[in-house]
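*Asks:* Below is the structure I would like to discuss, written out as structure tokens.
The values are calculated or read from the model by the stated rules, or taken from the named source; none is laboratory data. For clarity, every value in this text was computed on a predicted model and none was experimentally measured. Counting neighbours? That spans all protein chains shown, and the Cβs are built from the backbone with ideal geometry, glycine included.
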């Protein structure tokens, strides 16, 4: 793993701006700079974790916290229970920043399959 901070770590640390919509002791959420829907928020753990499979049993509480926080953020942004939660895991799945993050997407009808 690189010693260089990811883009998301730099946003979390306040080194570069982000449109932050939620912060707590475990995670930060901010608006995606290239949204795919009217509501497109990235939910990022403060703990650097490149991909989902890099988590350990010790991360179970953190991962659960992310899953429970996402619906609250969605509701605060007017999409209620009509949102999609996406994790792109690995470059072939579309992950471009290797710091685990959940996309909270909503605000328009979403099709299946997603792509």
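*Asks:* Scan the range 12-25 and give yes if some residue there is in contact (Cβ under 8 Å) with a residue 40 or more places away in the chain and touching a helix residue (DSSP H, G or I) at 6+ places or on another chain (Cβ under 6 Å), otherwise no.
*Replies:* There is at least one residue in the range 12-25 that is in contact (Cβ under 8 Å) with a residue 40 or more places away in the chain and touching a helix residue (DSSP H, G or I) at 6+ places or on another chain (Cβ under 6 Å).
*Asks:* State whether the residues of the range 106-113 include one that is surrounded by fewer than 17 Cβ atoms within 10 Å (Cβ to Cβ), at pLDDT below 95, touching a helix residue (DSSP H, G or I) at 6+ places or on another chain (Cβ under 8 Å) and part of a loop (DSSP other than H, G, I, E, B).
*Replies:* No.
*Asks:* Just name the residue that is surrounded by the fewest Cβ atoms within 10 Å (Cβ to Cβ) out of those in the range 72-95 that are in contact with a helix residue (DSSP H, G or I) (Cβ under 6 Å, 6 or more places away or on another chain) and in a strand (DSSP E or B).
*Replies:* 85
*Asks:* Tell me yes or no: at least one residue of the range 56-71 is assigned to a loop (DSSP other than H, G, I, E, B), touching a residue at least 12 places away in the same chain (Cβ under 8 Å) and either loosely packed, with under 14 Cβ neighbours inside 10 Å or in contact with a helix residue (DSSP H, G or I) (Cβ under 8 Å, 6 or more places away or on another chain) (or both).
*Replies:* The initial filter retains those residues of the range 56-71 that are assigned to a loop (DSSP other than H, G, I, E, B), namely 56.
When the remaining residues are screened for being touching a residue at least 12 places away in the same chain (Cβ under 8 Å), the result is none.
The answer is no, given that none of the residues of the range 56-71 is assigned to a loop (DSSP other than H, G, I, E, B), touching a residue at least 12 places away in the same chain (Cβ under 8 Å) and either loosely packed, with under 14 Cβ neighbours inside 10 Å or in contact with a helix residue (DSSP H, G or I) (Cβ under 8 Å, 6 or more places away or on another chain) (or both).
*Asks:* Say we look at the range 10-31 and pick out the residues that are under 9 Å from residue 46 (Cα atoms) and crowded, with 17+ Cβ neighbours inside 10 Å; which of these is farthest from the chain's Cα centre (by Cα)?
*Replies:* Filtering the range 10-31 for residues that are under 9 Å from residue 46 (Cα atoms) and crowded, with 17+ Cβ neighbours inside 10 Å, the one farthest from the chain's Cα centre (by Cα) comes out as 12.
*Asks:* Hey, another quick one. Does residue 98 satisfy being part of a loop (DSSP other than H, G, I, E, B) and either touching a residue at least 40 places away in the same chain (Cβ under 8 Å) or under 11 Å from the mean Cα position of the chain (by Cα) (or both)? So that I can check it myself, show each step before the final result.
*Replies:* Working: part of a loop (DSSP other than H, G, I, E, B): yes; either touching a residue at least 40 places away in the same chain (Cβ under 8 Å) or under 11 Å from the mean Cα position of the chain (by Cα) (or both): yes.
So residue 98 passes the test.
*Asks:* Moving to a separate point now. Given the condition within 13 Å of the chain's Cα centre (by Cα), touching a residue at least 24 places away in the same chain (Cβ under 8 Å), over 15 Å from residue 97 (Cα atoms) and outside any loop (DSSP other than H, G, I, E, B), answer yes or no: does some residue in the range 38-48 qualify?
*Replies:* Let us first name the residues in the range 38-48 that are within 13 Å of the chain's Cα centre (by Cα), namely 39-48.
Right, trim to touching a residue at least 24 places away in the same chain (Cβ under 8 Å) and you get 39-46, 48.
Keeping just the survivors that are over 15 Å from residue 97 (Cα atoms) gives 39-40.
Now restrict to residues that are outside any loop (DSSP other than H, G, I, E, B): 39-40.
Yes, the range 38-48 contains a residue that is within 13 Å of the chain's Cα centre (by Cα), touching a residue at least 24 places away in the same chain (Cβ under 8 Å), over 15 Å from residue 97 (Cα atoms) and outside any loop (DSSP other than H, G, I, E, B).
*Asks:* Is it true that residue 36 is touching a strand residue (DSSP E or B) at 6+ places or on another chain (Cβ under 8 Å) and more than 23 Å from residue 114 (Cα to Cα)? Spell out the reasoning first.
*Replies:* Numbers: touching a strand residue (DSSP E or B) at 6+ places or on another chain (Cβ under 8 Å): yes; more than 23 Å from residue 114 (Cα to Cα): no.
So residue 36 fails the test.
*Asks:* Give the number of residues within the range 77-95 that are over 12 Å from the mean Cα position of the chain (by Cα), in contact (Cβ under 8 Å) with a residue 24 or more places away in the chain and closer than 19 Å to residue 110 by Cα.
*Replies:* Going through the range 77-95 one residue at a time, the tally reaches 5.
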